[in-house]
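As structure tokens, the structure follows; a few thoughts come after it.
The values are calculated or read from the model by the stated rules, or taken from the named source; none is laboratory data. All of these numbers come straight from a predicted model, not from anything done at the bench. Cβ: placed from backbone, ideal geometry, glycine included. Neighbour counts: every protein chain shown.
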Amino acid sequence: MRTHPIIVAADGTEPSKAAVRWAAREAFRRGRPLRVAHVFDWEWREARYDMSNQYLDIARKHAEGLTANAVYEARTAALKVEVEGDPLIGQVAPRLIGESDHAELMVLGNRGRGGFASLLLGSVSHRVATHASCSVVVVRGRGGDLAEGPIVVGVDDSPASDRVLEVAFDEAAGRGAALLAVRAQVPVEFHDPERAHVEEQLAPWRNKYPAVPVKVVLTSGGAAAELTAASATAQLVVVGSRGHGLIIGTALGSTGLQLLHHADCPVYVVREPRSES
């Protein structure tokens, strides 16, 4: 049986370094190997006339050095993690999306090189988070070194809700954290029946993870606004992915997209796991 690794995208930026540290600790917690993937785009105009491969060699050496630094960062964050570095040639977003076929989890910083520093979410992170075939964590806001606060999970009636709750409880148990379950858009007059419904959803996971303290919050506000507000004191926010069309995971719902742009802690976008072979 093949073990799918956690893959973290590295480009040497501060958001990327935070993602590497988060991914290393997560890989160690799960007992999974970690792959550090740096993609360098070999589309330089000079390369077309580089008969001696001089520019390619320079780019490859730079990529190898950046990857080695990221591997060192990962091993510093989690001393016993099994980690390897993997410089890759290609266009960054499509290559990472392709690599997600072989990953248990893809971890990204919220911004990379290039683009506009004022953007809340980089274009690569946006594309990978919305098109990857595995679950994705975007490390953003206060960053990946958070050790306090609850795990926040959005609770709804979607088909993926059980899987989302499973991930959220597992993350809380692994960190010794409490779980904050948020059910949004509940009119005040329906709080009692909705609370009973949420408690029914949570019951199997409370039984499986009895050491995890759970608080249920019902609110009439929108899910995106409430989860974003909760992220200000959270370690992690966990939400589901809602795909459309023929390819699973090709789009996120509005709540997930809002969190990727505005959450103040890492955001875990859950997709159904593939069977390992």
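Quick one: what pairs do we get from the range 47-73, first residue farther than 14 Å from Ala9 by Cα, second modelled with pLDDT under 70 and in a helix (DSSP H, G or I), C-beta under 8 Å, 6+ apart or different chains?
Hits for this filter: Tyr55/Glu46; Tyr55/Ala47; Leu56/Ala47.
Identify the residue in the range 188-242 that is among the small types (Gly, Ala, Ser) and touching a strand residue (DSSP E or B) at 6+ places or on another chain (Cβ under 7 Å) and, among all such residues, is farthest from Val153 (Cα to Cα).
Ser241
Sort out which residues of the range 1-42 are of a type in the set (Lys, Arg) and either in contact with a helix residue (DSSP H, G or I) (Cβ under 6 Å, 6 or more places away or on another chain) or under 23 Å from Arg175 (Cα atoms) (or both), and write them in order of number.
Result: Lys17, Arg21, Arg25, Arg29, Arg30, Arg32, Arg35.
Look at the range 181-227 and say how many of its residues are assigned to a helix (DSSP H, G or I), of a type outside the set (Phe, Trp, Tyr) and under 19 Å from Asp162 (Cα atoms).
Counting residues in the range 181-227 that are assigned to a helix (DSSP H, G or I), of a type outside the set (Phe, Trp, Tyr) and under 19 Å from Asp162 (Cα atoms) gives 16.
I'd like to know if the range 210-219 contains one or more residues that are over 25 Å from the mean Cα position of the chain (by Cα) and at pLDDT below 95.
The answer is yes, given that some residue of the range 210-219 is over 25 Å from the mean Cα position of the chain (by Cα) and at pLDDT below 95.
Here's the yes/no breakdown for (1) without any contact (Cβ under 8 Å) to a residue 40 or more places away in the chain; (2) more than 15 Å from the chain's Cα centre (by Cα):
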{"position": "Ala132", "(1), (2)": "no, no"}
{"position": "Arg142", "(1), (2)": "no, no"}
{"position": "Gly149", "(1), (2)": "no, yes"}
{"position": "Asp156", "(1), (2)": "no, yes"}
{"position": "Glu166", "(1), (2)": "yes, yes"}
{"position": "Gln185", "(1), (2)": "yes, yes"}
{"position": "His191", "(1), (2)": "yes, yes"}
{"position": "Glu199", "(1), (2)": "yes, yes"}
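Taking only the range 74-87 into account, find how many residues are surrounded by fewer than 16 Cβ atoms within 10 Å (Cβ to Cβ) and of a type in the set (A, V, I, L, M, F, W, C).
Counting residues in the range 74-87 that are surrounded by fewer than 16 Cβ atoms within 10 Å (Cβ to Cβ) and of a type in the set (A, V, I, L, M, F, W, C) gives 1.
I'd like the residue in the range 164-215 that is among the β-branched types (Val, Ile, Thr) and under 29 Å from Cys134 (Cβ atoms) and, out of all such residues, is surrounded by the fewest Cβ atoms within 10 Å (Cβ to Cβ).
Filtering the range 164-215 for residues that are among the β-branched types (Val, Ile, Thr) and under 29 Å from Cys134 (Cβ atoms), the one surrounded by the fewest Cβ atoms within 10 Å (Cβ to Cβ) comes out as Val214.
Before we move on, is Ala181 within 25 Å of the chain's Cα centre (by Cα) and over 22 Å from Arg30 (Cα atoms)?
Against the criterion (within 25 Å of the chain's Cα centre (by Cα) and over 22 Å from Arg30 (Cα atoms)), Ala181 qualifies.
Would you mind stating whether Ser241 is surrounded by fewer than 21 Cβ atoms within 10 Å (Cβ to Cβ), at pLDDT below 95, of a type in the set (S, T, N, Q) and not assigned by TED's automatic domain parsing to the domain that holds Val128?
Answer is no for this residue.
Could you give me the residue pairs with C-beta distances under 6 Å whose first residue belongs to the range 102-117 and is under 20 Å from Glu272 (Cβ atoms) and small (Gly, Ala, Ser), whose second residue is assigned to a loop (DSSP other than H, G, I, E, B) and modelled with pLDDT of 85 or more wherever it lies, and which are 6+ apart or on separate chains?
Listed by first residue and then by second, the contacts come to Ala103/His4; Ala103/Cys134.
Among the candidates Gly65, Gly12, which residue alone is at pLDDT 90 or above and farther than 14 Å from Leu108 by Cα?
Gly65
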